[in-house]
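The values are calculated or read from the model by the stated rules, or taken from the named source; none is laboratory data. Here the structure is a predicted model, which means the values were calculated and not measured. Here the Cβ is made from the backbone with ideal geometry for all residues, glycine too, and neighbour counts use every protein chain on show.
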Amino acid sequence: MKKVVKSFPFLGLGGGIVVASLAMVTGCSGGAKSAQAAADSASVVAVKSEVVRRQSVEQIREYTGTISPYSKNMIASQSATRINKILVEVGDHVTAGQLLVQMEETGYLQSKLQVENLRVDYERTKSLFATGGIAKQQVDQLETQLNVAEESLANLEKNTRLLSPITGVVTQRLFDNGDMTGGQPILQVQQLMPVKVMINVQEEFFSLVNTRMTADVKVDIYPDENFLGRVNLVYPTIDNMTHTFTTEITYSNGNLKMRPGMFARVVLNFGSINRVVAPDKAVIKQAGTDERFVYVINSDNTVSHRTVTLGQRLSNAYEILSGLDDGEKVVTAGISRLINGTAVKEVTGLTE
């Protein structure tokens, strides 16, 4: 009996294998494309943005300082003599020219007697010269002696009868009656009408500050009151380290509410300037520094990290001094997922 052997064509088997392989390759390629598309989609960050605009911003600046007397004088005698009597006490109001301290008068009285004798001799000498009894040279010599003695007496009087050079208040008493001063200060007098505050103003306002400007002065002890001050003095130079210049603000202080040593806030209004204004949500503080930055959306829908210089705070926005131009877009939400160069998609209603 003849045995029949069934054979299967290799091509048919191979064709089946080839078809299966192609199906597998096609399936893998489609999955890779889907994964890539998903990855690209995940790398695009949804953000919310706002266009910044240039607008008129009132330039109001607040400065801090300490109230100081308008002037301050130390009352002292140049001579190392004894105090006879101090005529005022701390807190007393005094006027310019008022006698404050009487020093020991021994030296002054001796000098006064000497001047009186010289004056008598001088008058007698002039009479003798008029009658031809003496030479003109003797008269001139005696006149010179008299002038020197009178100047010395006037100086002694200033250092024996100590007068107040200003109208003000006695703020210190450093000696008692009978003490030897050794030329050291005995009293301090401060002028409290007006008072002054020294502040440091940014150099950008140098051309705007003048003695016609008014200023609002506030002190913590009177939180509900504003005191109208005035620019009294503008220093002519700018500090090259701080880029500020010193300005003196005075207040009349007729009610004597302000006292030296009080902490003060001074508000100056420099008018309005057109500035770029950005929402406060867009401004981020650089960790570990004082720098501030924003993310700006570029035309290719990526973001750029941009350092900005801030001016004053305006409710829910900031005045931008540098770093942004009018019409640029800044990111206001979605910021935490951004780095420089991140691709973004703008959406509405997004919150951080």
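Look through GLU116, GLU58, GLU123, GLU143 and report the one residue that is in contact with a helix residue (DSSP H, G or I) (Cβ under 9 Å, 6 or more places away or on another chain), at pLDDT below 95 and among the acidic types (Asp, Glu).
Answer to the check: GLU143.
Residues in region 167-182: is at least one surrounded by 14 or more Cβ atoms within 10 Å (Cβ to Cβ), in contact with a Leu (Cβ under 9 Å, 6 or more places away or on another chain), assigned by TED's automatic domain parsing to the domain that holds THR250 and among the aliphatic types (A, V, I, L, M)?
No, region 167-182 contains no residue that is surrounded by 14 or more Cβ atoms within 10 Å (Cβ to Cβ), in contact with a Leu (Cβ under 9 Å, 6 or more places away or on another chain), assigned by TED's automatic domain parsing to the domain that holds THR250 and among the aliphatic types (A, V, I, L, M).
For region 310-327, what are the residues that are hydroxyl-bearing (Ser, Thr, Tyr) and under 15 Å from LYS281 (Cα atoms)?
If the condition is that a residue be hydroxyl-bearing (Ser, Thr, Tyr) and under 15 Å from LYS281 (Cα atoms), then SER315, TYR318 are the ones that fit.
Filter region 89-144 down to the residues that are under 56 Å from the mean Cα position of the chain (by Cα), crowded, with 16+ Cβ neighbours inside 10 Å and among the hydroxyl-bearing types (Ser, Thr, Tyr) and list them by number.
TYR108, SER111 - these are the residues of region 89-144 that are under 56 Å from the mean Cα position of the chain (by Cα), crowded, with 16+ Cβ neighbours inside 10 Å and among the hydroxyl-bearing types (Ser, Thr, Tyr).
Can you tell me which residues in region 239-254 are under 14 Å from the mean Cα position of the chain (by Cα) and surrounded by 15 or more Cβ atoms within 10 Å (Cβ to Cβ)?
Restricting attention to region 239-254, the residues satisfying the condition of being under 14 Å from the mean Cα position of the chain (by Cα) are 239, 241-249.
Once the filter is applied, which keeps residues that are under 14 Å from the mean Cα position of the chain (by Cα) and surrounded by 15 or more Cβ atoms within 10 Å (Cβ to Cβ), region 239-254 yields THR244, PHE245, THR246, THR247, GLU248, ILE249.
Given the structure, is VAL88 more than 21 Å from ASP179 (Cα to Cα) and out of contact with any Cys (no Cβ under 7 Å at 6 or more places or on another chain)?
no
Go through (1) over 30 Å from VAL267 (Cα atoms); (2) surrounded by fewer than 15 Cβ atoms within 10 Å (Cβ to Cβ); (3) touching a residue at least 40 places away in the same chain (Cβ under 8 Å) and name the single condition THR66 misses.
That leaves (1) as the condition not met.
The conditions are (1) surrounded by 12 or more Cβ atoms within 10 Å (Cβ to Cβ); (2) within 30 Å of LEU192 (Cα to Cα), and GLU225 fails exactly one of them. Which is it?
For GLU225, the exception is condition (1).
Exactly one of (1) surrounded by 15 or more Cβ atoms within 10 Å (Cβ to Cβ); (2) free of Cβ contacts under 8 Å to residues at least 60 places away in the same chain is unmet by LEU324. Its number?
With respect to (1) surrounded by 15 or more Cβ atoms within 10 Å (Cβ to Cβ); (2) free of Cβ contacts under 8 Å to residues at least 60 places away in the same chain, LEU324 is out only on (2).
Among the residues of region 257-273 satisfying the criterion of being of a type in the set (A, V, I, L, M, F, W, C) and within 13 Å of ILE221 (Cβ to Cβ), which is surrounded by the fewest Cβ atoms within 10 Å (Cβ to Cβ)?
PHE263
Hey, among GLY271, GLY261, which residue is out of contact with any helix residue (DSSP H, G or I) (no Cβ under 6 Å at 6 or more places or on another chain), modelled with pLDDT under 95 and of a type outside the set (Ser, Thr, Tyr)?
GLY271
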